[in-house]
Amino acid sequence: MAQTRTGWISPAQTNQALFPGDRVKTGADGRAEIAFATSSRIRLAERTDVLIPAEERNQGGLLQRLVVN
């Protein structure tokens, strides 16, 4: 699931853009991968909660894409 900075919560989508203030949560059997604009990646295991911090913003969004499994 992805929660946007506006407060909306919805299932995350592959290649979804994420911005400062957005949150990504994985469930009991969920996994996700976050790709940053710097080409680094974070793989999220089940029951993970990640908040994208506001101070990490760059032009066009912080992240290049989100991969959801």
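Bear in mind these aren't lab numbers, they're just calculated from the coordinates by the rules spelled out. Everything numeric here is computed off the predicted structure, so don't read it as measured data. As a convention, Cβ positions derive from the backbone with ideal geometry for all residues, glycine included, and neighbour counts pool all protein chains shown.
Remarks
- Segment residue 28-residue 48, length gained on full extension (0.36 nm per residue, minus Cα span): 6.3 nm
- Note on residue 38 and residue 9: with the Förster distance fixed at 22 Å, the Cβ-Cβ geometry gives a FRET efficiency of about 0.20.
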